[in-house]
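The values are calculated or read from the model by the stated rules, or taken from the named source; none is laboratory data. Computed from a predicted structure; not experimentally measured. When we count neighbours, we look across all protein chains shown, and the Cβ atoms used for this are built from the backbone with ideal geometry, even at glycine. Ligands, DNA and RNA are stripped out before the accessible areas are found, and what is left, the full protein with its side chains, is counted by its heavy atoms. Shrake-Rupley method; radii C 1.70, N 1.55, O 1.52, S 1.80 Å.
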Amino acid sequence: MIEVLVTGGAGFIGSNFVRHALAAHADWRVTTLDKLTYAGRADTLHDVLDDPRHTFIRGDVGDQSLVEPLLARSQIVVHFAAETHVDRSISGALQFVQTDVIGTAVLLEAARNARRLQRFIQISTDEVYGSVATGASRETDELKPRNPYSASKTAADRLAYSYFATYGVPVIIVRPSNNYGPYQYPEKVIPLFVTNAIDEKALPLYGDGQNVRDWLHVSDHCRALDLLIARGDIGEVYNVGGGNDVRNIDLTRRILALLDRPESLIAPTPDRPGHDRRYCLDSTKIQALGWRPDMPFERGLEDTVTWYRENEWWWRPIKDGDASFRAYYDAHYARPR
Ligand code: NAD
Ligand code: DAU
């Protein structure tokens, strides 16, 4: 059996990857390590918690005594665990440095001495390139992060590379674009707008709504990770873009149309400070290995809307029952920016 450690596996992408890994690889034994912060919930792994090939451990990637033995027995590590919401990084940057930078450093230190380790997949982000006015970012482009989240992720990305270059840790760095799909925490724009629209509440669209994001279905992302684990070159960086550049205003209108809700629900909201205007990835490098995104955006968005309609059991306790979500929402959206 191949021992796989997935950090942050109770979050959005991590949980989709755990499910994908168990289904796609009968010879993988998966351990999820997750702190269960506000963004991570055991519920998200409800259908794989009892799988005999899956073990869930609640813990912090920054806990050296916990991660050392886990790394020592792992052949593959996929490191998703992070603080991930840009708005929260603007109101409180230190937790992002703690988790995304120091947490990654602790894992990498443990990886130095992990004799069985064959792949350490560092999940970075397209945000490391900063805002790109035109064209598409390539892996060799200068990194120009512009908010505390993306700056922390850039530090982790380059730390991971340094552990390859200096100590030979078998690192591969992946820079995906904006993911969407099931089990995304409803503070991010798609699940927030879908669930608000279901409830006929306002959709708080930042600024002029012209910012562009490149949407990648989480299932396409999981397939890309699988391919890179099998065939990616150690020490290399790979962009993974969905090829779906969409303006926020158009995304918002599509969500409202899918739910048969009026455009009067769109609530123009003061802009995010330093709001990156546009991300766009050139994914030629991973495409040369044979990967292509399969999910057309129209279908992926419709499936995602359907998933949130049919799975209120998952998101309603967060939005309606979790006092910390309500406190965050009220403070964040009431604040002048
Ligand atoms: P998420 O916020 O849904 O999940 C993060 C998970 O990490 C949660 O389960 C949380 O409990 C866990 N976690 C946080 N701190 C931890 C710690 N100290 N120790 C252990 N676990 C901890 O995030 P996501 O959207 O699934 O993102 C996963 C990864 O992908 C992140 O590294 C993020 O930077 C990256 N990424 C995300 C996107 C996106 O669009 N969502 C795009 C590109 C890259
Ligand atoms: O690009 C990859 C990144 O995508 C990941 O690295 C991050 O972890 C992930 O959170 C995501 O960051 P974004 O800032 O792009 O995602 P978010 O869903 O927060 O916002 C998407 C766009 O929607 C962005 O232009 C801001 C806008 N927005 C967002 C929220 C939450 C709004 O207009 N209103 C909102 O209420």
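Quick notes on this one:
- Under the condition of being more than 26 Å from Asp87 (Cα to Cα) and surrounded by 11 or more Cβ atoms within 10 Å (Cβ to Cβ), the residues counted in the range 303-337 number 2.
- Residue satisfying all of: in the range 2-36; open to solvent by less than 50 Å² (accessible area, probe 1.4 Å), part of a loop (DSSP other than H, G, I, E, B) and closer than 24 Å to Pro191 by Cβ; farthest from ligand 2 (Cβ to nearest atom) among these: Leu36
- Test: Arg41 is among the basic types (Lys, Arg) and open to solvent by less than 50 Å² (accessible area, probe 1.4 Å): yes
- Yes/no for Val61 being β-branched (Val, Ile, Thr), within 15 Å of ligand 1 (Cβ to nearest atom), under 29 Å from Asp141 (Cβ atoms) and assigned by TED's automatic domain parsing to the domain that holds Cys222: yes
- For first residues located in the range 175-194 and within 15 Å of Asp320 (Cα to Cα), partners that are assigned to a helix (DSSP H, G or I) and near ligand 1 (Cβ under 9 Å from one of its atoms) and lie 6+ apart or on another chain with Cβ distances below 8 Å form the pairs Tyr185/Phe12.
Residue-by-condition table, conditions (1) under 17 Å from Leu228 (Cβ atoms); (2) of a type in the set (Val, Ile, Thr):
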| position | (1), (2) |
| --- | --- |
| Arg73 | no, no |
| His85 | no, no |
| Val106 | no, yes |
| Asp126 | yes, no |
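- Every residue from the range 185-211 that is at positive phi and within 12 Å of ligand 2 (Cβ to nearest atom): Gly207, Gly209
- Criterion (modelled with pLDDT of 95 or more and away from ligand 1 (no atom under 11 Å from the Cβ)) met by exactly one of His85, His79, His46: His46
- Filter result for Ser65 (part of a helix (DSSP H, G or I) and either of a type in the set (Phe, Trp, Tyr) or free of Cβ contacts under 8 Å to residues at least 40 places away in the same chain (or both)): yes
- Restricting the search to strands (runs of 3 or more DSSP E) fully inside the range 124-207 and requiring at least 1 residues that are open to solvent by less than 40 Å² (accessible area, probe 1.4 Å) and within 13 Å of ligand 1 (Cβ to nearest atom) gives 171-176, 178-180.
- Residues of the range 79-123 classified as within 16 Å of ligand 2 (Cβ to nearest atom), in contact (Cβ under 8 Å) with a residue 40 or more places away in the chain, surrounded by fewer than 22 Cβ atoms within 10 Å (Cβ to Cβ) and not in a helix (DSSP H, G or I), total: 2
- Scope the range 250-259; condition part of a helix (DSSP H, G or I) and closer than 15 Å to Leu192 by Cα; matching residues: Leu251, Thr252, Arg253, Arg254, Ile255, Leu256, Leu258
- Sub-8 Å Cβ pairs linking a first residue in the range 260-275 that is part of a helix (DSSP H, G or I) to a second residue that is open to solvent by less than 70 Å² (accessible area, probe 1.4 Å), at least 6 apart or interchain, are Glu263/Leu256; Leu265/Asn196; Leu265/Ala197; Leu265/Ala202; Leu265/Leu203; Leu265/Leu256, ordered by first then second residue.
- Ser131 meets the conditions (1) farther than 23 Å from Ser283 by Cα; (2) within 16 Å of ligand 2 (Cβ to nearest atom) in every case but one. The failed one is (1).
- Residue list for the range 276-296, restricted to those being out of contact with any strand residue (DSSP E or B) (no Cβ under 6 Å at 6 or more places or on another chain) and open to solvent by less than 30 Å² (accessible area, probe 1.4 Å): Asp276, Trp291
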